[in-house]
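Report on the structure given below.
The values are calculated or read from the model by the stated rules, or taken from the named source; none is laboratory data. Computed from a prediction, not measured in an experiment: that's the story for all the values here. Cβ sites come from the backbone with ideal geometry, for glycine too, and all protein chains shown count toward neighbours. The area values use the complete protein model at the heavy-atom level, side chains included, leaving out ligands, DNA and RNA. Shrake-Rupley method; radii C 1.70, N 1.55, O 1.52, S 1.80 Å.
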Amino acid sequence: MSAGLAELVELYEYKVDDLTAGREPKGGRASVVRLRQLLIKLAHQGPHAKRFRQADARFRSLNQIQHTLSEVFAEPPPTELSSVFVEEEPQVVPDGPSPERQALEALTQSVYWLRLEHDLERQVKPLLSGKREELRLIYALLQNLEAYSKTPQFAQDYNLSRFTLSQAIPAISDPLVSLEDPEVAKALLLELFKEAYRLPERLRLPPEETVAYLRRFMRRVIESEGALWPQGTGRRTSVESLRRALEEAQRMKLPLPEIRALEERLQAVAADERRMSLVLEEDRQRFHQASERLAALLYRHLPTPRGEAPLPQIPAKILWGQDPDLRQEAISPEDAVVTLRLLPARLSLGGLEILLSETAGEFMLSLEGTDYPLDPAKPLTIRAGSFELWAIRYTTYLHLRLEPREGARISTLLAEGRVLAHLLRPTEHFAYLRLLRAFSARLKGPIDPLNFGPESAQRYGEATPETLQDFARKGLEVVRGRISSGSNWQLLMEEVASQLGLEREGRALAQALSDWTGHRPPTRDTLGGVGAATLSEAPASVRLGSVVLSLRYQEDTVYVATAAQVPRRLDDLLVWSVPEGMGVLAREGLRVAYLLLPNTQFESV
């Protein structure tokens, strides 16, 4: 899809070039309009979005009769790509977005910020150690950004050439900031993300340039005079004053002892100035490194196209209309995410019995005998066993979702890792991975077994471990979505395995998929065979069979390495092949859990 999208954007650029040169593009102007409509739906993230915006800006500047063309070819008004998050069927909405669309967008934003707040809680602890450069830099960035935004040049100064410092970076012991408080640190991080999220609208900046702009802003703050050491200017003035006093004494031919005293004092002050300059340069380098870590954190957690994080998935269908008969059947007890109109009802979500009631116009949610008010201004988070129930209200709409609690998330990752260990096992020409691809295709219709033979696995052996694991995880998500609503998928798995001559692998993969799709986070008593390690600045070691893996934590990134192998990055899940079987490592924040699946588990019938 990415390659095809690049070709469409390139074709659009060629057509706009023809219009710019006064030539009629092939297919006429109508083809340009139709291609533009298609790209508005598709090219809403990544480098293709930037190329499309640039070409589209030239097209709109050339199109002086755009309103006439809109009537002839039914072109919709220009749409900002940063607002296109959910693909919908074209429809005429004369009075703005429908209430359902507004509800979906508002609920999506609320879930994103609630999830981000939970993620940032795990980021706070490492930032509280040492000299807290990241937190001090965030404070200075927010203060200077707020002050500069009130100046008339702010909206046009994208390169910050006219920026002047208004607030120095606070000292580590500044009593007015209280950076040692975890709550203050989390609030600073959250405020940084809020500023980054609304920055493109304030600056009319392309969303994908958000992190680059903030990186420039932090660099300008750090390099500004007096940002790190406001009293440094006074020291330099003192050196210059002593040098002028010495020259005046020599010109006036004062007594030799007085001249020598001035020389000794000047040398001492100059030496102290050089020493403090070295300290200042070391501090500046540390803050530059902190700015890069913050930029990486922003890019990793900001939603596309500002960063690389996906927005949460919200069910597009609003359940429960005016028909009361739909209320009993609209939600399956196995659902973990649901969006509904707020009405008094009783429902089961992921096995949890939930009661929604209304008293004097106020809605309440009851769970396990406890009542919780549903406040539109504040999302509700309730702990329930190994999960958290999130209840987010927007006017008369309610979004409910079950999220694994901290710790249970690692268990969920390990369950996925057990299936990945099958898929990434290279024996028999990646038999499990070929089988999964064939099974995924069979869920859509008949297949040709020859397309999934051993020769089709040649590219798997040539791919890097990271690329192969990403490919397998994406395939797993596709298969999980297709089998969630099908009750006879085990029969299809048997059929596909028989066609490929992989009956034993088919039974093993079917069992692994069944365990994964029906997984519930275990308790401490039922969780066995899993090791755990806590990350710190010092390297940690874990043993998988005869192999010892070294885990190095650096700038919120974990690198896993062993002798004679290239280090690999551990984001949340990593599968590592060892002679005794397949190892699985799962990470949540500073905690890593690991297990070993022995070869006998893959060879059993």
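Of the set (1) in a loop (DSSP other than H, G, I, E, B); (2) modelled with pLDDT of 50 or more; (3) among the hydroxyl-bearing types (Ser, Thr, Tyr), all apply to THR79 but (2).
A search for C-beta distances below 7 Å between a residue of the range 387-403 that is part of a strand (DSSP E or B) and any residue that is among the basic types (Lys, Arg), counting only pairs 6+ apart in sequence or on different chains, returns PHE387/ARG405; GLU388/ARG405; TRP390/ARG401; TYR397/ARG341. The residue that is nearest to SER161 (Cα to Cα), among those in the range 223-241 that are open to solvent by less than 90 Å² (accessible area, probe 1.4 Å) and at pLDDT 75 or above, is SER224.
Contact annotation: residue pairs with Cβ atoms under 8 Å, 6 or more positions apart or on different chains, pairing a residue in the range 562-577 that is open to solvent by 70 Å² or more (accessible area, probe 1.4 Å) with a partner that is among the hydroxyl-bearing types (Ser, Thr, Tyr), are PRO567/TYR559; ARG569/THR557; ARG569/TYR559.
Pairs linking a residue in the range 343-371 that is under 19 Å from THR395 (Cα atoms) and of a type in the set (S, T, N, Q) to a residue that is open to solvent by 60 Å² or more (accessible area, probe 1.4 Å) and modelled with pLDDT of 85 or more, with Cβ atoms under 6 Å and 6 or more positions apart or on different chains, are SER357/PRO344. Taken over the range 434-465, residues that are touching a residue at least 40 places away in the same chain (Cβ under 8 Å), out of contact with any strand residue (DSSP E or B) (no Cβ under 8 Å at 6 or more places or on another chain) and not small (Gly, Ala, Ser) amount to 9. If you go through the range 419-450 and pick out every residue that is part of a helix (DSSP H, G or I), farther than 30 Å from TRP576 by Cβ and not basic (Lys, Arg), you end up with 2.
What about ARG459, is it among the charged types (D, E, K, R), in a helix (DSSP H, G or I), out of contact with any Lys or Arg (no Cβ under 9 Å at 6 or more places or on another chain) and surrounded by fewer than 16 Cβ atoms within 10 Å (Cβ to Cβ)?
So ARG459 passes the test.
Restricting SER514, SER485 to those that are modelled with pLDDT under 90, within 26 Å of THR412 (Cα to Cα), not charged (D, E, K, R) and not in a helix (DSSP H, G or I) reduces the list to SER485. The sole residue among GLN313, GLN322 that is more than 30 Å from LEU214 (Cβ to Cβ), modelled with pLDDT under 85 and assigned to a loop (DSSP other than H, G, I, E, B) is GLN322. When ILE169 is tested against the conditions (1) surrounded by 15 or more Cβ atoms within 10 Å (Cβ to Cβ); (2) at pLDDT 90 or above, the lone failure is (2).
One line per residue, one yes/no per condition, for (1) over 30 Å from THR108 (Cα atoms); (2) part of a helix (DSSP H, G or I); (3) at pLDDT 80 or above:
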site	(1), (2), (3)
TYR213	no, yes, yes
ARG219	yes, yes, yes
ARG243	yes, yes, no
GLU248	yes, yes, no
GLU263	yes, yes, no
SER291	no, yes, yes
ALA295	no, yes, yes
ARG300	no, yes, yes
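Filtering GLU146, GLU195, GLU201 for residues that are open to solvent by 30 Å² or more (accessible area, probe 1.4 Å), part of a helix (DSSP H, G or I), closer than 27 Å to ARG132 by Cα and charged (D, E, K, R) leaves a single hit, GLU146.
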